[in-house]
Amino acid sequence: MNFIETRGNDGSRPVSVSFSQAILNPMSSFGGIYAPEVIPRFGETFLKESLDKDYKALARDILDIFQVDIPGELVEAALATYDRFDDPANPVPVVKIGDRLHVSELYHGPTRAFKDMALQPFGVILSGLAQARDEHYLIMAATSGDTGPAALDTFRNKPNIKVACLYPDGGTSDVQRLQMVTEDADNLKVIGIHGNFDDAQAALKRLLGSDLFRATLVEKHTQLSAANSVNFGRIIFQLIYHVHSYLELVRQGHIQLGDKVYMVVPSGNFGNALGGYYAWQMGLPVEKIVIASNANNVLTDLINTGAYDLRDRQLIGTSSPAMDILKSSNVERVLFHLFGAARTRELMRQLDEEKYYQLNEEERQAMQALFCADFCTDEEGKAYIKEYFEQGYLMDPHTATCMKAHASCCDQPLHAIVYSTAEWTKFSPSIANALTGEVDAHDLDALKTIARLAGTEVPERIKQLFSKPIAQKTLVNKEDIEKEVLAFL
Ligand SMILES: *Cc1c(COP(=O)(O)O)cnc(C)c1O
């Protein structure tokens, strides 16, 4: 199976590339990204036969359907990373929390957020490919708090890979920051910057455009790659758990094979939702994908009105910061599959130049046939956290955004799967505040508050973070990032 470019081909690159090429060099012509040439279909009996397979076997089968050009041993090594999850036999528990309402918990990996689902295996594959080709890669990441820890964890001491990770100092939770700054491997560099996430991202962009930076990379025989969700190497691992979650509902006796479900996805860059879209197009029975947003509700507007409009929008800081995103990169892949490369290029050019595009009526209907959307304010989210906690289920603020979208979109009597993207330990200050109305001064206090209310303990791996030595002490102004990264290289 080959991958082609979402904005068409500019003549300077191959017209189509293999899976491994799309992973190693994820950017394509006209600023586009790679998407599968055609979306493959499950065979007639695939879902039935998968019922008695475990997560890894399902993953292996799906990678086979995409005919990925990755050696078998490397695939096995990648899938072995799921052994680091709480339950290696079932890395993604699916639990019932209400009438026809289920939560697929995607946060049982090493860094306690759903980024591990894809980044754990992806890290093994990227490093394996780099070693086989005797190439060296630098991964640059700007993080609002979850991608950073997950990328650092997966690439720790991995041959042929270096990671430089920028985070906004003060813009993450204590737990997220500690997960990053206690990483002491030689191939990892963590840089705190004075500023917010937008500043970190803008600084990253500037650096990528710098001549001195590029010359240094050439001199060090190092290439740039990306570990964000524009990389299809991440998306493929985000499709597996959607299929798994559906099969779990069948195994648990809640639905029959063939019954349709709603998938309710807390969305930012749309990688998680895109995985659901691919699973559906491959043959998973889905009624709608429900896109949940926070107050940064561009996706809600896109799906309800057909307009992607950034003209009068400022990024709003919310208690679900991993969804504080205005330019949602993976929507582009859906546009491409629905409307083709020429139209996608036109829409994305408009968005870049005019900060706005409007789908026509037919296109809007095509989107609404797949997606329904709603957004949730922090206040509404807090109320959901409290309500579900009182019924015995503890959820984080990202997951909580789903409950409103679930209420407004799931109007058929079908089962719904809500995707839970973070453990409570990562966003304890907002959760404690939702539960008590009080503001704890530190994460550790908030963690203890929640643990006490829930009758549980603060997990050891989280408690340990607070006494680990700080290995990454770099904290700089935006202007000095280039110097720091060059020194690291
Ligand atoms: C990354 C992230 C999201 C958003 O996922 P996308 O794939 O970017 O839409 C939601 N919640 C949490 C906790 C995350 O870390």
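The numbers here are math on the coordinates, done by the rules we state, and not lab data. The shown structure was predicted, so the numbers you read here are calculated from the model rather than taken from an experiment. Here Cβ is always computed from backbone atoms with ideal geometry, including for glycine, and neighbour counts include all displayed protein chains.
Starting from 0 in steps of 5 Å, tell me what percent of the Cα-Cα pairs of segment 304-376 lands in each bin.
3, 13, 24, 26, 19, 10, 4, 0
Given all pairs of different Cα atoms, what value in angstroms does the Kirkwood hydrodynamic radius of segment 217-325 take?
16.1 Å
Find the eigenvalues of the gyration tensor of the Cα atoms of segment 1-88, then list the square roots of 5 times those eigenvalues as equivalent ellipsoid semi-axes, largest first, in whole angstrom.
Working: eigenvalues 174, 55, 21 Å².
Equivalent ellipsoid semi-axes, largest first: 29, 17, 10 Å.
Please give, to one decimal in nm, the separation of the simple spin-label points placed at Gln131 and Asp83, each 7 Å out from Cα toward the Cβ.
1.5 nm
Mean separation of Cα pairs under 8 Å and 6+ residues apart, divided by the residue count of segment 56-182: what relative contact order is that in percent?
Numbers: 165 pairs, mean separation 24.5, N = 127.
After rounding, I find 19 percent.
Report, in cubic angstrom per residue, the convex hull volume of the C-alpha atoms of segment 282-403.
Value for segment 282-403: 119 Å³ per residue.
Lone cysteines in the chain, going by a 4.7 Å Cβ-Cβ cut-off?
Cys165, Cys376, Cys402, Cys410 - these cysteines have no disulfide-compatible partner (Cβ-Cβ under 4.7 Å) in the chain.
So for each of 312-322, 409-419 I average, over its residues, the number of other beta carbons within 10 Å; can you give me the resulting order with the highest mean first?
Highest-to-lowest ranking by the protection proxy: 409-419, 312-322.
Which links in Lys53/Lys115; Lys189/Lys463; Lys288/Lys478; Lys426/Lys478; Lys48/Lys386 stretch past 32 Å when you go from one Cα to the other?
Too far apart for the 32 Å limit: Lys288/Lys478; Lys48/Lys386.
Out of Met367, Pro121, Val331, whose Cα points farthest toward the positive end of the dipole of the chain (charges: +1 Lys, Arg; -1 Asp, Glu; placed on Cβ)?
Pro121
Could you work out how far apart the two model spin labels at Leu51 and Ala487 are, taking each label as a point 7 Å from the Cα in the direction of the beta carbon, and quote it in nm?
It is 6.1 nm.
Using Cα pairs closer than 8 Å and at least 6 residues apart in sequence, work out the relative contact order for segment 254-363, in percent.
Answer for segment 254-363 is 28 percent.
Is any residue of segment 199-242 close enough, with backbone N under 19 Å, to a label point placed 7 angstrom from the Cα of Ser12 along the Cα-Cβ axis, and if so, which?
Those under the cut-off are 205-218, 223-226.
When the chain is fully extended, how far beyond the present Cα-Cα distance does Ser210 get from Gln252, taking 0.36 nm per residue of separation?
So the chain would gain 9.7 nm between Ser210 and Gln252.
In whole Å, how far is the Cα centre of segment 296-316 from that of segment 464-489?
What the calculation gives is 34 Å, centre to centre.
Can you tell me the dipole magnitude for the chain around its Cα centre, using point charges on the Cβ only (Lys, Arg +1; Asp, Glu -1), in Debye to the nearest 20?
480 debye
Restricting to Cα pairs below 8 Å that are 6+ residues apart, what does the relative contact order work out to for the chain? Please round to a whole percent. Don't jump to the answer; show the numbers that get you there.
Working: 924 pairs, mean separation 88.7, N = 489.
Relative contact order of the chain: 18 percent.
Quote the FRET efficiency, to the nearest 0.05, computed for Gln223 versus Glu387 with a Förster distance R0 of 60 Å and r equal to the Cβ-Cβ distance. If you can, show how the numbers build up before the last one.
Values: r = 49 Å, r/R0 = 0.82.
About 0.75, to the nearest 0.05.
Does segment 342-489 classify as rounded, prolate or oblate by the C-alpha gyration tensor (a ≥ b ≥ c root eigenvalues; a/c under 1.5 gives rounded; else a/b over b/c gives prolate, otherwise oblate)?
Because a/c hits 1.5 or more and a/b fails to exceed b/c, segment 342-489 counts as oblate.
Would you please classify the overall shape of segment 270-344 from the alpha carbon gyration tensor, given that a ≥ b ≥ c denote the square roots of the eigenvalues, rounded means a/c under 1.5, and beyond that prolate means a/b larger than b/c while oblate covers the rest?
Oblate, since a/c reaches 1.5 and b/c is not below a/b.
For labels at Thr474 and Ala454 in the simple 7 Å Cα→Cβ model, what's the distance in nm?
Spacing of the two 7 Å Cα→Cβ label points: 3.4 nm.
Sum -39500 (n - 2.57) across every DSSP H segment of at least 4 residues in the chain, then divide by the residue count to get the 222 nm mean residue ellipticity, nearest 500.
Counting only the DSSP helices, I get -13000 deg cm²/dmol.
Taking the Cα centre of segment 410-489 as origin, sum charge times position over the Cβ atoms of Lys and Arg (+1) and Asp and Glu (-1), and report the length of that vector in debye to the nearest 20.
Working: 9 positive and 12 negative charges, 57 e Å.
Once rounded to the nearest 20, the dipole reads 280 debye.
May I ask for the Rg/Rh ratio of segment 72-120, computed from Cα atoms with Rh as the Kirkwood radius, given to two decimals?
Over the Cα atoms of segment 72-120, Rg/Rh equals 1.07.
Tell me the Kirkwood hydrodynamic radius of the chain in angstroms, computed as one over the mean inverse distance between distinct C-alpha pairs. Don't jump to the answer; show the numbers that get you there.
Values: mean 1/r = 0.0438 Å⁻¹.
Kirkwood radius, the chain: 22.9 Å.
Just order 123-131, 453-461 by mean Cβ neighbour count inside 10 Å, highest at the front, would you?
123-131, 453-461
From the square roots a ≥ b ≥ c of the eigenvalues of the alpha-carbon gyration tensor of segment 406-489, which class results: rounded (a/c under 1.5), prolate (a/b over b/c), or oblate?
Cα axes put segment 406-489 in the oblate bin.
Please report, to one decimal in angstroms, the Kirkwood hydrodynamic radius of segment 117-188 built from all distinct Cα-Cα pairs.
The Cα-based Kirkwood calculation yields 12.4 Å.
Please name which of Gln252, Pro110, Ile97 has its Cα lying farthest along the dipole of the chain towards the positive end, using unit charges on Cβ (Lys, Arg +1; Asp, Glu -1) and the Cα centre as origin.
Pro110
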